[in-house]
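Below you'll find the structure, written out as structure tokens, and then a few comments.
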Amino acid sequence: MLLDRSDHALAQCSDWVRAQLSDELAKHTLGETHAAVIELVTGVHLDAAGAVAELAGLRERLALELRPLGVVAACAGMPPLASSEEVRVSGAERYRLVADSMRSLARREPTLALHVHVGVPDPEDAIRLLNRLRETVPVLLALSSNSPFSGGRDSGFASARTAVFGGFPRTGPPRAFACYADYVEAIDPLIASGALPDASFLWWDVRLQPALGTVEVRVMDAQTSVAESAPLIALIQSLARLELEGEPRDSWVGPEILAENRFLAARDGIDARLIELGRRELVPVRTFVEALLRECRPHAAALRCSAELERVSWLAAANGAKRQQTSVSEDGDLVSLVSALAEQFIAQREAASDCTHRSGRSD
């Protein structure tokens with residue numbers, strides 16, 4: 001999120017800011033729906049450490065280039081403070097199209113998410129991974145929840161972003177697909193009819209990106225620091241290898257259970273209790289996290305991201321939402337919270353280096 005340096009109000013100037021950036025940085029940025037938000041985009045990496053290092057560098061460079069513009073950057077699932085003026089839409093062509101089709105929905109408060117792409121060359125493997133990751137949506141959401149405050153007040157949700165973004169159509173978890181042909185048959189009428197321009201207008205929690213050859217995980221709140229992003233990136237990559245190296249399954253969690261678990265995760269974050277289908281009981285989400293870590297550790301070792309994966313336990317102890325709530329309970333001041341978010345965005349190299357040193361990598 002872009003903030004005015006003087007009072008940390010939303011600075012609704014993304015088009016102007018992007019025009020001022022150096023060519024090298026600008027090619028790693030995209031417009032977003034809202035004019036107070038820009039998106040940072042890394043290149044392709046073989047391991048989590050490479051992605052984390054580049055993301056840290058992009059944040060540092062952005063903070064540096066924003067200084068003479070009177071703007072600072074910060075990151076969370078939603079801006080904690082209320083906006084004093086009507087939310088503006090970005091001038092980017094794609095998001096003008098979004099605004100025209102979404103109408104008043106596009107002028108809600110900005111939401112910010114962490115998107116992680118996993119390259120999967122084979123379409124059938126991509127469907128298989130999509131089916132697996134859709135089941136993991138509640139756990140990923142609980143770990144990443146980072147938007148307890150919205151509009152200047154406590155939302156009552158660990159991830160208010162999830163509830164707000166849910167006002168858009170074509171959001172939430174996708175259904176399970178039998179094969180790639182089943183997926184094509186499902187979405188082709190939407191695109192062929194002209195209702196959607198392309199598959200990227202399916203804003204599911206997990207979706208295929210056929211043009212990129214990736215499975216994209218979109219359910220997570222944006223993370224305040226790169227140190228918080230690293231374990232989520234490693235977990236997703238490890239989950240992908242776990243699924244694709246194992247035996248295929250022919251049954252999946254039903255949409256009713258998945259939808260309820262997703263709501264519980266958005267509401268209660270890392271303190272959520274989720275439905276365990278086999279036991280038909282509510283089980284602490286941390287139990288699900290521990291089980292995933294046990295399954296993923298051999299795959300993280302093969303992918304050279306064991307150190308980053310182990311930091312998932314750190315998020316499970318206190319994620320971004322928990323830290324925001326603790327900060328406000330101690331200071332009682334959302335303005336101070338926003339200042340702290342901005343400070344943590346700037347001081348990323350130390351956090352990223354910490355992750356890199358533990359992994360034994362220097363790239």
Checklist entry - Got a sec? Which of A340, A317, A321 is surrounded by fewer than 20 Cβ atoms within 10 Å (Cβ to Cβ), within 30 Å of D4 (Cα to Cα) and at pLDDT 90 or above? => result A340
Item to check | Residue in the stretch 155-163 that is more than 14 Å from the chain's Cα centre (by Cα), part of a loop (DSSP other than H, G, I, E, B), over 24 Å from L3 (Cβ atoms) and of a type outside the set (S, T, Y) present | outcome: yes
Checklist entry - Is it fair to say S362 is over 21 Å from the mean Cα position of the chain (by Cα), at pLDDT 90 or above and either among the aromatic types (F, W, Y) or closer than 28 Å to G57 by Cβ (or both)? => result no
Item to check | So V312, is it of a type in the set (A, V, I, L, M), surrounded by 14 or more Cβ atoms within 10 Å (Cβ to Cβ) and without any contact (Cβ under 8 Å) to a residue 40 or more places away in the chain | outcome: no
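Could you go through the stretch 297-308 and let me know if any residue there is touching a residue at least 12 places away in the same chain (Cβ under 8 Å), closer than 18 Å to P138 by Cα and within 22 Å of the chain's Cα centre (by Cα). Write out each step before concluding.
Narrowing the stretch 297-308 to residues touching a residue at least 12 places away in the same chain (Cβ under 8 Å): 297, 299-300, 302-308.
Then drop every residue that is not closer than 18 Å to P138 by Cα, which leaves none.
The answer is no, given that none of the residues of the stretch 297-308 is touching a residue at least 12 places away in the same chain (Cβ under 8 Å), closer than 18 Å to P138 by Cα and within 22 Å of the chain's Cα centre (by Cα).
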Item to check | Only listed residue being out of contact with any Lys or Arg (no Cβ under 8 Å at 6 or more places or on another chain), assigned to a helix (DSSP H, G or I) and without any contact (Cβ under 8 Å) to a residue 12 or more places away in the chain, chosen from E135, E185, E124 | outcome: E185
Checklist entry - Looking at the stretch 202-232, which of its residues are of a type in the set (A, V, I, L, M, F, W, C) and more than 21 Å from R262 (Cβ to Cβ)? => result A211, L212, V226, A227, A230
Next on the checklist: For the stretch 237-246, check the following and say yes or no: at least one residue is touching a strand residue (DSSP E or B) at 6+ places or on another chain (Cβ under 7 Å) and under 21 Å from G77 (Cβ atoms).
Outcome noted: no
Next on the checklist: Of the residues L244, L208, only one is surrounded by fewer than 20 Cβ atoms within 10 Å (Cβ to Cβ), at pLDDT 95 or above and over 30 Å from S327 (Cα atoms); which?
Outcome noted: L244
Checklist entry - Given the residues S313, S327, which is the only one that is under 21 Å from R161 (Cα atoms) and either among the polar types (S, T, N, Q) or not in a helix (DSSP H, G or I) (or both)? => result S327
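The values are calculated or read from the model by the stated rules, or taken from the named source; none is laboratory data. No experiment lies behind these values; they were computed from the predicted model shown. Positions of Cβ are backbone-derived with ideal geometry, glycine not excepted, and every protein chain shown enters the neighbour counts.
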